[in-house]
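Participant: Take this structure first; my questions come after.
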Amino acid sequence: MKKSILFIINPNSGHKRGTKTIKLIPKCLDATKFEYSYQLTTHAKHAIELAAKAVEDKVDIVVAVGGDGLVNEVFQCLVHTDTAFSIIPMGSGNGIARSLGIAMNVKTALTNLNSGNITKIDTVLFNGQPYLGVAGIGFDGFIAWEFSKTSKRGFWAYLKLIFRQVLGYRSSTFLIHDGLRHWKFDAFIVTIANGQQYGNDAFIAPQAELDNGLLDLVVVKNHSKWFSPLLAIQVMTKNIHKSRHVEIIRGEKFQIKTSYDYAHIDGEPISPKNENEIEILPKSLSIYR
């Protein structure tokens, strides 16, 4: 029996190449295995409506064609349902797709759907807001907010923004509690990772696993700005966990108290609270890959 598959496409992804995927689908997808349809998003949060309707219609697989913002909108409707989730990456970072081992080439990613299997992975709630890859409070949250204001996209635009802002950035105080233990940090970044990377193979939590029922809370402690280039190299070479300026705490849930105003989930800017609750939902999402 054929599986039903819905492609939710952000037409503006990949320098407005999202709609070109429509012509590739019938060329790459095995028509003996799938009956497919597609929907284009037309406004913010539209993908949430489309994914919720797909669950209601008992669609077997929903595929997000776009970047991490679209991925976040789509997957949250599929948590604890029988509808599986997949990605055709077309964003600037594609951190979640990379963490899942999905091919970055669109044709290859589409073709790989023909031989995919369903596995279960964890998802996370940040003050009730769902995310899949990484969330952060601190410099990465600040950069997410600044990046959202610019029209330029891509790795180099992101890197340029980081180097322009890093020297003037000041660390903040974080009080962290996991239900049993307490910590106090003067920190540059506090990242709560389910996946390993931000995107573009920038690994903030190289030992994190998407299906182990645990979060890797990565604290980049206050340090001389002269160390920032070295830390950046360690992020890009999957060695950040070896830095003496970094502490990693594993747990199922965390409370983070801070007065800092900037945060992100999967690269999307959000406003944190003074007391933030982060909790993992083990094996809550079916992934097709």
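Participant: Determine if the range 118-134 includes at least one residue that is outside any loop (DSSP other than H, G, I, E, B), modelled with pLDDT of 95 or more, of a type in the set (D, E, K, R) and under 22 Å from the mean Cα position of the chain (by Cα).
Facilitator: yes
Participant: Cβ-Cβ under 7 Å, sequence separation 6+ or interchain: first residue in the range 204-231 and farther than 25 Å from H182 by Cα and free of Cβ contacts under 8 Å to residues at least 60 places away in the same chain, partner surrounded by fewer than 23 Cβ atoms within 10 Å (Cβ to Cβ) and of a type in the set (S, T, Y). Which pairs?
Facilitator: Close Cβ pairs satisfying both conditions: L231/S243.
Participant: Same structure again: Filter the range 198-241 down to the residues that are assigned to a loop (DSSP other than H, G, I, E, B), closer than 21 Å to V166 by Cβ and among the hydrophobic types (A, V, I, L, M, F, W, C) and list them by number.
Facilitator: A202, I204, A205, listed by residue number.
Participant: Being free of Cβ contacts under 8 Å to residues at least 60 places away in the same chain, crowded, with 20+ Cβ neighbours inside 10 Å and out of contact with any helix residue (DSSP H, G or I) (no Cβ under 6 Å at 6 or more places or on another chain) is the requirement here; does V190 meet it?
Facilitator: On the way: free of Cβ contacts under 8 Å to residues at least 60 places away in the same chain: no; crowded, with 20+ Cβ neighbours inside 10 Å: yes; out of contact with any helix residue (DSSP H, G or I) (no Cβ under 6 Å at 6 or more places or on another chain): yes.
No.
Participant: Could you please give the count of residues in the range 6-60 that are within 17 Å of V79 (Cα to Cα) and either at pLDDT 95 or above or in contact with a Gly (Cβ under 7 Å, 6 or more places away or on another chain) (or both)? Can you show your working first?
Facilitator: Here is the first cut: in the range 6-60, the residues within 17 Å of V79 (Cα to Cα) are 6, 8, 45, 47-60.
Filter once more, so that each one left must be either at pLDDT 95 or above or in contact with a Gly (Cβ under 7 Å, 6 or more places away or on another chain) (or both): 6, 8, 47-60.
Within the range 6-60, residues that are within 17 Å of V79 (Cα to Cα) and either at pLDDT 95 or above or in contact with a Gly (Cβ under 7 Å, 6 or more places away or on another chain) (or both) number 16.
Participant: Mind checking whether some residue in the range 194-216 is closer than 21 Å to K257 by Cβ, β-branched (V, I, T), buried (at least 21 other Cβ atoms within 10 Å of the Cβ) and not assigned by TED's automatic domain parsing to the domain that holds G93?
Facilitator: No, that holds for no residue.
Participant: Next question, about the same structure. Can you tell me how many residues in the range 19-36 are in contact with a helix residue (DSSP H, G or I) (Cβ under 9 Å, 6 or more places away or on another chain) and either of a type in the set (D, E) or within 17 Å of V71 (Cα to Cα) (or both)? Working first, answer last.
Facilitator: Going residue by residue through the range 19-36, those that are in contact with a helix residue (DSSP H, G or I) (Cβ under 9 Å, 6 or more places away or on another chain) are 20-21, 24-25, 27-30, 33-34, 36.
Now drop any that are not either of a type in the set (D, E) or within 17 Å of V71 (Cα to Cα) (or both), which leaves 21, 30.
Counting residues in the range 19-36 that are in contact with a helix residue (DSSP H, G or I) (Cβ under 9 Å, 6 or more places away or on another chain) and either of a type in the set (D, E) or within 17 Å of V71 (Cα to Cα) (or both) gives 2.
Participant: Same structure, new question: Taking the range 49-108 only, how many residues are hydrophobic (A, V, I, L, M, F, W, C) and assigned to a loop (DSSP other than H, G, I, E, B)? Full working, then the answer.
Facilitator: Keep residues of the range 49-108 that are hydrophobic (A, V, I, L, M, F, W, C), which gives 50-52, 54-55, 59, 61-65, 70-71, 74-75, 77-79, 84-85, 87-88, 90, 96-97, 100, 102-104, 106.
Right, trim to assigned to a loop (DSSP other than H, G, I, E, B) and you get 59, 77-79, 90, 100, 102-104.
Going through the range 49-108 one residue at a time, the tally reaches 9.
Participant: Would it be correct to say that G128 is small (G, A, S), closer than 30 Å to R170 by Cβ and buried (at least 16 other Cβ atoms within 10 Å of the Cβ)? Walk me through how you get there before you give the answer.
Facilitator: On the way: small (G, A, S): yes; closer than 30 Å to R170 by Cβ: yes; buried (at least 16 other Cβ atoms within 10 Å of the Cβ): no.
So G128 does not fit the description; no.
Participant: Scan the range 265-289 for residues that are more than 28 Å from L6 (Cα to Cα) and either touching a residue at least 40 places away in the same chain (Cβ under 8 Å) or assigned to a strand (DSSP E or B) (or both) and report the count.
Facilitator: Going residue by residue through the range 265-289, those that are more than 28 Å from L6 (Cα to Cα) are 270-279.
If we keep only those that are either touching a residue at least 40 places away in the same chain (Cβ under 8 Å) or assigned to a strand (DSSP E or B) (or both) too, we end up with 270, 272-273, 275-279.
The qualifying residues number 8.
Participant: Which residues, taken from the range 31-56, are free of Cβ contacts under 8 Å to residues at least 24 places away in the same chain and either over 18 Å from I88 (Cβ atoms) or β-branched (V, I, T) (or both)?
Facilitator: Scanning the range 31-56 gives T42, H43, A44, E49, K53, E56.
Participant: If you go through the range 79-104 one residue at a time, how many are among the aliphatic types (A, V, I, L, M) and surrounded by 24 or more Cβ atoms within 10 Å (Cβ to Cβ)?
Facilitator: Residues in the range 79-104 being among the aliphatic types (A, V, I, L, M) and surrounded by 24 or more Cβ atoms within 10 Å (Cβ to Cβ): 5 in total.
The values are calculated or read from the model by the stated rules, or taken from the named source; none is laboratory data. Keep in mind it's a predicted model, so treat the numbers as computed, not measured. Every residue, glycine among them, receives a Cβ derived from its backbone with ideal geometry; neighbour counts consider all protein chains shown.
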